[in-house]
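Single-structure report; data block below.
The values are calculated or read from the model by the stated rules, or taken from the named source; none is laboratory data. Computed from a predicted structure; not experimentally measured. In this analysis, Cβ positions are derived from the backbone assuming ideal geometry, glycine residues included, and neighbour counts consider all displayed protein chains. Accessible surface areas use protein heavy atoms only, side chains included; no ligands, DNA or RNA. Shrake-Rupley method; radii C 1.70, N 1.55, O 1.52, S 1.80 Å.
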Amino acid sequence: MAKILLVEDSELVREAVAAILEQEGHILTIAENGEEGLAKLQSTAFDLVIADLWMPKMDGLAMLKKSRALGDMPPVIVLSGGGPQAPLELSASLADANGAVAVLFKPCEDEELLSAVNKALL
Amino acid sequence: MEQNQNAGSLAFSQDQSNEIEENRSRLARAARMARLGYYEIVFHQKENTYWSNELYEIFDVSSEAGPPSALRLLDIVHPEDSPRLQAALESHWQSLTFNFRLLTRSGQTRYCRSENERIFSPSGRVTQQYGIVQDITAQVEADRRATRAEDRLRDAIESLPDGFVLYDSRGKLVLVNDTVRHMFIGLPPRFFRAGTQFRTLLSAILDHDFIDLGVDTREDWFRQRELAFHNKISPFPMRTKNGRFYLLYNHPTGEGGTVIVAHDVTELKEQERKQIKIEKRLEDAHRIGRIGHWEMDFDLTRMTWSPNMYVVTGQTPHFVATYENYLSIMHPEDRRQLEDIKRHPTDHSLFEGEWRVLGADGAVRWIHAQWTLEKDPETGQKRYFGINQDITERKQVELALRKSEENLKMAQRLANLGHFEYVPGQDEMLWSDQQKRIWGLTADGPSDLEGVMRTIHPEDKSTLIAKLGERGPDSFALDTRILRPNGELRHIHVEAYRERSLQGDTKRFFGIVQDISETVQRQKDLKRMAMRNAFLRAAIEASPVAIAVADGGMDNFPILYANEAFARMSGYEIDDCLGQPLDFLQGPGTDPDSLAALRKSFELGKMAEVEMLCYHQDGRAFRNLIELAPVYDEHGEQIAFVSVQKDVTILRQQEDELRQGQKLEALGRLAGGISHELSNMLQPIMTFSGLALRRDQDQTTEKYLRSIQKSAGKARDIVRNVLAFSRKDAPAAEAIFLSEAIQEILNFARSVLPPQVEIVEDLSKAPLSACVGTTELTQVIVNLLNNAADAMSGQGKITVRLEQVTLAEMSTRLKDRVDLFSEMEADFFACLSVRDRGSGMEEDVRSRIFDPFFTTKPVGRGTGLGLSVIYGIVQAWGGHIGVESACGQGTKFDIFIPLDPLLKA
């Protein structure tokens, strides 16, 4: 059981991810964008962050960079949906470069997500 | 004999002795007158000889001693006759007559005739011999005289230059002279023998072809001559084949015979003929010289014209020649000439005049007339005699000549041709007007050489002076430049001739000068134009664009000119192109519509731009962009078509590719946006369907949920591919070694592909490095292998080959698409080939394989984005894709990856 921050702008994705993780007993905190996520990271300690990359106001990468700059960072799993501005490969490499422990592409399967989460929490 | 009998009867009767004596004396008288002697010899025991007195006288011997002996007699006979006489007397004869000559004692030759008879006894002995001897000297001499006269006559006749033939009254030939024999030399002599009939001789000379019958037939000729002979018609002509002409005169003789005298008039005839000829010539000369003559009485009453007068004055033969009428046909302005002269006639003066007369045909003739007043040699009266000559032509020539002189002057001016004369001794230069004009002078030019030289261009002076020097040539031609007073430069052509004195000194120069400035300028222009033409031609030759010119005047528009680029484009030699119809590159695949458009522009003479499929000499098809324009000559006549042609095959491919790229880019942006949203939506579908599945379900619900999951999975695949395809520029990847990377990818692929698919590797061992992402490379290879496996229905060999190629090799492999490559191109490429032995593709499929969502796979098997993604990736690498495919034989993809230039080195 871990405290997990989910930074995701899409409500559909939030609900789905939450459903998977809560079923496993994890406690989820939701942030709808990078800004919100960054605020939550500074106020609360999390075991894991699952972040979308491209979000309004502040994207996932910016959030990661800023948070890292502010202090210790919990492990981050990037869950990217890609898009015209965010090809999958680019997303992956960017995530890698910014210390993401795993990069997942939406839509990801339950097992995929859970195994990444478990691996990150070890 | 009678005398002998009379002599024998003397002894018979005495009664009649008186009468006998009387008779005897008469006989003796007669015998004496006839100088006839008698002898008698009786051979009775002894010889008893009796001579009459006359015999003694004839033999001029004395009768006193009695008859002389035979020997004595022979002595008196002329020695030339005595042997013949002796022989005659001694021979055995009964009757004998002979002539012989005597030489008398006085030396006289006497001609004698003797007749003798003998009487024989029955035993054959001569018993008696008697005979007479008559002195025929007078007779013989008379004969002789007669013969001599006849001979002379004969000689005279023989030597007559005229032919002479004498016939007797019965028409028999008596004699012909030598002239006649010569006339018919070769005629057998028998025809000239006495007694030959006239007609026999006439036939003979005809038969022997001596006669020139002229127009007569042989029979006519014969008959006419015979008639003339018998009727004594004279003269009668006769021509012989040897060209002689005779006049025959038939004269009757006193004895009823005929003499024919043939008078040779050949020479006369010849002279006559010549005379006629001369007259004819004179007449001809008059006719040719257009001269007529006339005579007129002094009182102008009667006038006679020669036939040529009518011709010369152009009058019809009906013209009545009178003085007044002649005046009437004269030009009114000219009549005065004749009237003046008429008023003051002077004997033997030659008058002359030229005037115009009006011919009956309405044409005006110029007449040169000469006439004189003379005395008629016959009547002694004064009369006019004159000639008229038609000098119209001469007048015309004179007029033309005058005109041509004027023309010459004009021509000289037009040709800018002047002339000069220079006398070195006096240093004097004479200028023609035109030369002044050429020099731009209004007054006379300088008269001395130095002055002239000042007008010559400084650079040309020395040449000219050398030519004019004493050692210069006798004639020369040169081009020089002069300076006009206004400073204008003119080009002058000079030709001069030097006249030398007997001592060899130059007397003078005569020459012409021509202003050739315009010619020089034109030549310069022409040269420039020629150079420009050559330049233009060279430029057209070197043009990178194919240019062909076709004859617009012929039906099939044969090519008149083609440049090198045309030859290159078409693959034909230039010479082979010439004469070919302009559309000779077209073939079965050529679009009939564009061909029709082309033809229409030919016909209408309009410009056209048509793109059509044409065929290279080796059979390869290419897209030919033809621009066509009519060519006109200076009269605006359409003479040709010029066509500029360009092989746009590659351009069209590039355009296609560009279009493809743009299409993909736009699509990618769109797809990227959509798929991002779709990804988000797919997440809950997948998640919740998965969660739902983990709960207890009845079988139907579970089946439904699995279907949802499966569909979501497919949707996710599509979205991922779309996202991959829509990716923007990938970050510069680090260079990797291709062989190793590919090796790994193949190993991975083997685990993914169906087990019956065998991958055969042929990877270069060379360290080929390129800046490509491994993920992308994987995506490319796996995609190609998947397609290959599908094409082989999941079983068979796939060959993967990696090799290094040069830019040129790549160009070749990509079918000459050399200008696809910018100058940014790498020099070397890795060529990754994936080849299957599968079903292959039709051309229409092949051309669309890179289109997004194009797939040949069954619904649900492919996304239709695989090759689009590969295309995008390879383009991003700066590489190229080549596809070769043949239906039923398989497909080969060549992926050209630019090698990292740093590592390559």
Note: among B:R118, B:R113, B:R125, B:R105, just one is of a type in the set (D, E, K, R) and under 13 Å from B:F59 (Cβ atoms), namely B:R105
inquiry  = Any residue that is closer than 28 Å to A:D9 by Cα and either within 51 Å of the chain's Cα centre (by Cα) or open to solvent by less than 20 Å² (accessible area, probe 1.4 Å) (or both) - is there at least one of those in region B:660-669?
reply    = yes
* Just wondering, is there one or more residues in region B:184-201 that are outside any strand (DSSP E or B), of a type in the set (G, A, S), farther than 30 Å from B:R101 by Cβ and open to solvent by less than 40 Å² (accessible area, probe 1.4 Å)? -> yes
Scanning region B:405-443 residue by residue, those in contact with a helix residue (DSSP H, G or I) (Cβ under 7 Å, 6 or more places away or on another chain) and either among the small types (G, A, S) or not in a strand (DSSP E or B) (or both) turn out to be B:Q412, B:R413, B:N416, B:G418, B:D427, B:Q434
Scanning region B:326-368 residue by residue, the ones that are modelled with pLDDT of 85 or more, under 19 Å from B:R302 (Cα atoms) and in contact with a Phe, Trp or Tyr (Cβ under 7 Å, 6 or more places away or on another chain) total 1
In region B:712-741, anything at pLDDT 65 or above and not assigned by TED's automatic domain parsing to the domain that holds B:T774 is listed as B:A712, B:G713, B:K714, B:A715, B:R716, B:D717, B:I718, B:V719, B:R720, B:N721, B:V722, B:L723
From the option list B:L585, B:L595, single residue qualifying as at pLDDT 85 or above and either in the same structural domain as B:R620 (by TED's automatic domain parsing) or in contact with a Lys or Arg (Cβ under 6 Å, 6 or more places away or on another chain) (or both) is B:L585
When restricted to B:R287, B:R239, the only residue modelled with pLDDT under 85 and over 21 Å from B:R170 (Cβ atoms) is B:R287
Output for Cβ contacts, cut-off 8 Å, separation at least six or different chains, first residue farther than 17 Å from B:F245 by Cα in region B:193-217, second open to solvent by 20 Å² or more (accessible area, probe 1.4 Å) and aliphatic (A, V, I, L, M), reads B:A194/B:V174; B:A194/B:L175
Can you spot a residue in region B:379-394 that is acidic (D, E), assigned by TED's automatic domain parsing to the domain that holds B:E333 and surrounded by 18 or more Cβ atoms within 10 Å (Cβ to Cβ)? yes
Within region A:89-115, restricting to residues that are modelled with pLDDT under 75 and crowded, with 24+ Cβ neighbours inside 10 Å, the one that is farthest from the other protein chains (Cβ to nearest Cβ) is A:A95
Taking region A:1-37 and keeping only residues that are more than 14 Å from chain B (Cβ to nearest Cβ), in a helix (DSSP H, G or I) and either touching a His at 6+ places or on another chain (Cβ under 7 Å) or open to solvent by 20 Å² or more (accessible area, probe 1.4 Å) (or both), one is left with A:E35, A:E36
So the strands (runs of 3 or more DSSP E) completely within region B:537-639 holding 1 or more residues that are in contact with a strand residue (DSSP E or B) (Cβ under 8 Å, 6 or more places away or on another chain), open to solvent by 70 Å² or more (accessible area, probe 1.4 Å) and without any contact (Cβ under 8 Å) to a residue 24 or more places away in the chain are B:608-615, B:621-632
By residue number, the members of region B:689-708 that are facing another protein chain (nearest Cβ under 9 Å) and surrounded by fewer than 18 Cβ atoms within 10 Å (Cβ to Cβ) are B:L691, B:R694
Restricting region B:748-776 to residues that are out of contact with any strand residue (DSSP E or B) (no Cβ under 9 Å at 6 or more places or on another chain) and away from chain A (no Cβ under 14 Å), the one farthest from B:N721 (Cα to Cα) turns out to be B:K765
Within region A:42-53, the count of residues that are closer than 19 Å to A:V101 by Cβ and touching a Gly at 6+ places or on another chain (Cβ under 9 Å) comes to 4
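Yes/no matrix, rows are residues, columns are (1) open to solvent by 60 Å² or more (accessible area, probe 1.4 Å); (2) modelled with pLDDT under 85:
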{"position": "B:D479", "(1), (2)": "yes, no"}
{"position": "B:P485", "(1), (2)": "yes, no"}
{"position": "B:H491", "(1), (2)": "no, no"}
{"position": "B:A496", "(1), (2)": "no, no"}
{"position": "B:S501", "(1), (2)": "no, yes"}
{"position": "B:K507", "(1), (2)": "yes, no"}
{"position": "B:V513", "(1), (2)": "no, no"}
{"position": "B:I516", "(1), (2)": "no, no"}
{"position": "B:D525", "(1), (2)": "no, no"}
Counting only residues in region B:290-323 that are free of Cβ contacts under 8 Å to residues at least 24 places away in the same chain and open to solvent by 60 Å² or more (accessible area, probe 1.4 Å), the one farthest from the chain's Cα centre (by Cα) is identified as B:D299
Q) closer than 20 Å to B:E267 by Cα and either out of contact with any Pro (no Cβ under 8 Å at 6 or more places or on another chain) or acidic (D, E) (or both) - does that describe any residue in region B:186-196? A) no
Only one of B:Q514, B:Q523 is of a type outside the set (S, T, Y), closer than 30 Å to B:R437 by Cα, in contact (Cβ under 8 Å) with a residue 40 or more places away in the chain and out of contact with any Phe, Trp or Tyr (no Cβ under 8 Å at 6 or more places or on another chain), namely B:Q514
